1. When the expected Rg is taken as 2.2 N^0.38 Å, what fraction or multiple of it is the alpha-carbon Rg of region 138-199?
2. Using modelled backbone amide H atoms (1.01 Å from N, in-plane), which distant-in-sequence or interchain residues come within less than 5 Å of residue 50's amide H?
3. Let me know the shape class of the chain, please: from the alpha-carbon gyration tensor, a ≥ b ≥ c as square roots of the eigenvalues, rounded when a/c is under 1.5, otherwise prolate if a/b is greater than b/c, or oblate.
4. Tell me the carbon and sulfur percent of the accessible area for region 48-96, rounded to whole percent, probe radius 1.4 Å.
5. In nm, to one decimal, how far is the residue 100 label point from the residue 74 one, both placed 7 Å along Cα→Cβ?
6. Which whole-number percent of Cα pairs in region 32-160 have a distance greater than 21 Å?
7. For region 223-234, in order, what is each residue's ³J(HN,Hα) by Karplus, 6.51 cos²θ - 1.76 cosθ + 1.60 with θ = phi - 60°, in whole Hz (x at glycine and Pro)?
8. Where only protein heavy atoms count, and the probe is 1.4 Å, what is the accessible area per residue for the chain in Å²?
Amino acid sequence: MTVHFIGAGPGAADLLTVRAVELLRQSPVCLYPGTYLDPGVLEHCAPTTELIDTQRLDLDEITAHMVRATAAGRAVARLCSGDPSLYSALTEQTRRLDIAGVPWDITPGVPAYAAAAAVLGTELTVPEVVQSVVLTRTRARSTAMPETEALAEFARTRATLVLHLAITRVRELAPELVAEYGPGCPVAVVYRASQPDEIVLRGTLADIADRVEAAGLTRAAVVLVGRALDPAVDCAQSHLYDPARDRSHLNG
């Protein structure tokens, strides 16, 4: 039997892929991150599915559940918040499964940054203003960041920044970005994008900390920084759709 790592997306039950829904229906065991998940996601599971909330389990305990289930001939749906490719502890879990001889596969999901951008109604890259997006996190009570990935280093690119696990450090981090982005740079904070209790805060590097603290946000939010977040940003037209572009090579 196989362990299916499934991107649960930002939490909304209707933002799972068709493949993800089918795997949830077929898997007799489902491990899920209760802290971040809309309970509606679990309604895709069969009524008889064994549901295991992983929010208070360590990786060895989680792995033990997966090994036990597969040894009994039961497939496992392992839900990951957002997409498994970002901050999901996928590597640590799959290595443990490899050692145990348990097969696994991955079904991608909607990443948190994409869900946040959709809520904001914005594109994170705009022509001749910003063409890169940096997905990173900060360190508080979590794993150390590599020295080469200091926030100040990323700020020098002036790319659109998406900060995960940073909501409790906004007041500390904003001044680190002001030198490159300026105090008036747009900032958006999206809490539980797509879920019923979603909260969106808009501001600048100068005032976003006040807004976050006033809202009492302490988890489950992404922080986006950059000029692309300005609805009135002055940008060029995309070359791909420029009427003057030579399209003769595209003719069949």
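1. Working: Rg = 12.9 Å, N = 62, 2.2 N^0.38 = 10.6 Å.
After normalising by residue count via 2.2 N^0.38 Å, the value is 1.22.
2. When sequence neighbours closer than 5 places are left aside, the close amide H contacts are 29, 30.
3. prolate
4. On the way: 1180 of 2430 Å².
Whole-percent figure for carbon plus sulfur exposure: 49.
5. 1.3 nm
6. On the way: 4522 of 8256 pairs.
More than 21 Å apart: 55 percent of the Cα pairs in region 32-160.
7. 10, 10, 9, x, 5, 5, 7, 7, x, 9, 4, 8
8. Values: 13180 Å² over 252 residues.
Ligands and nucleic acids excluded, the result is 52 Å² per residue.
The values are calculated or read from the model by the stated rules, or taken from the named source; none is laboratory data. The shown structure was predicted, so the numbers you read here are calculated from the model rather than taken from an experiment. Ideal geometry is used to build each Cβ from the backbone, glycine not excepted, and the neighbour counts take in all protein chains shown. Just the protein is used for accessible areas: all its heavy atoms, side chains included, with ligands, DNA and RNA removed. Shrake-Rupley method; radii C 1.70, N 1.55, O 1.52, S 1.80 Å.
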